[in-house]
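See structure below.
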Amino acid sequence: TQTQPSVELEPEVLDKIFLLDSAKQTLKQLPLEPWKRETKSSRSGIKYIIVISGKRSQFRISPDEQIAFVYRPFPTAQTNVEHIQLYAMDSGGKDRTFVTRAVKGRSDEQNPSIPLDVVKSGTSSYKLTPPGSHLGSGEYCMGMLLPQNSPVPCFGVN
């Protein structure tokens, strides 16, 4: 069995997501990037697309790194940490994008997020880990059901 690194560090900043560098025992805050929602209509249906400017995030993670994030919510928040979602983005154009919802006829499909394991960590924080603690090469963003006009934490793996 593989053991996960213990999180002894807690962010001093609330409501932000940090990458845990288990080797150095440090936290690195993921940069927040603005996004916009676009709607594309065609004969086959409607797509709701999230667009983040630029082909890639400046924040990079090695594909060999065991990935764990740390999040500390506001103490009085009614936030359900399990609603934090991780999305893989398409970076084939000048921007990074992903479809959040597609409506085709009577079918209404939500874009599935990458599941995160959520474990209480420390006195007031949570550790969030993707399956197997690794992600494939690509661009990613995280959000709590993407609140309107709130910048989202973004990063890339390569």
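The values are calculated or read from the model by the stated rules, or taken from the named source; none is laboratory data. Bear in mind that the values here come from a model prediction, so they are computed numbers and not experimental data. Cβ coordinates were reconstructed from backbone atoms using ideal geometry, including for glycine residues, and neighbour counts include every protein chain displayed. Note: accessible area is taken over every heavy atom of the protein model, side chains too, but ligands, DNA and RNA are not part of it. Shrake-Rupley method; radii C 1.70, N 1.55, O 1.52, S 1.80 Å.
First check a/c for region 33-113, with a ≥ b ≥ c the square roots of the eigenvalues of its C-alpha gyration tensor; if it is under 1.5, answer rounded, and if not, answer prolate when a/b is larger than b/c or oblate otherwise. It comes out oblate by the Cα gyration axes.
Each peptide in 136-144, 108-116 receives the mean, over its residues, of other Cβ atoms within 10 Å, and ordering these scores from highest gives 136-144, 108-116.
Any idea of residue 120's accessible area? Nearest 10 Å², probe 1.4 Å. Approximately 110 Å² for this residue.
Taking the chain as a Gaussian network, Cα atoms linked when under 10 Å apart, which of 96, 106, 56 shows the biggest mean-square fluctuation? Most flexible of the set in this elastic network: 106. Ligands, DNA and RNA left out, the 1.4 Å accessible surface of the chain is 48% carbon and sulfur atoms.
Within the straight-line cut-off of under 19 Å between alpha carbons, the lysines reachable from residue 55 are 36, 94, sequence neighbours fewer than 8 places apart in one chain being disregarded.
The magnitude of the dipole of the chain, with charges of +1 and -1 set on the Cβ of Lys/Arg and Asp/Glu and taken from the Cα centre, is near 720 debye.
Between 88, 23, 68, the Gaussian network model of the chain with springs among Cα atoms under 10 angstrom shows the greatest mean-square fluctuation at 23. Dividing the mean sequence gap of close Cα pairs (under 8 Å, 6+ apart) by how many residues region 23-97 holds gives a relative contact order of 32 percent. With the simple spin-label model, which puts each label point 7 Å out from Cα in the Cβ direction, the residue 150 to residue 82 separation comes to 1.9 nm. In this simple spin-label approximation, residue 120 and residue 56 carry label points 7 Å from Cα along the Cα→Cβ vector, and these lie 4.0 nm apart. Annotation: the antiparallel percentage among DSSP beta bridges lying fully within region 39-120 is about 100. A straight Cα-to-Cα reach below 19 Å connects residue 127 with the lysines 16, 24, 28, residues fewer than 8 places away in its own chain not being considered. Surface calculation, 1.4 Å probe, protein heavy atoms: residue 100 sits at approximately 30 Å² accessible. Computed over the chain with a Gaussian network model linking Cα atoms closer than 10 Å, the most mobile of 27, 14, 86 is 14.
Ranking 59, 74 from most to least accessible surface, computed with a 1.4 Å probe over the protein chains only, gives 74, 59. Across the chain, the mean sequence separation of Cα contacts (distance under 8 Å, 6 or more residues apart), normalised by length, yields a relative contact order of 30 percent. Residues in the chain average 58 Å² of solvent-accessible surface per residue, probe 1.4 Å, ligands and nucleic acids excluded. Here's how it looks for residue 59: its modeled amide H is under 5 Å from those of 156, which are all 5 or more places away or on a different chain.
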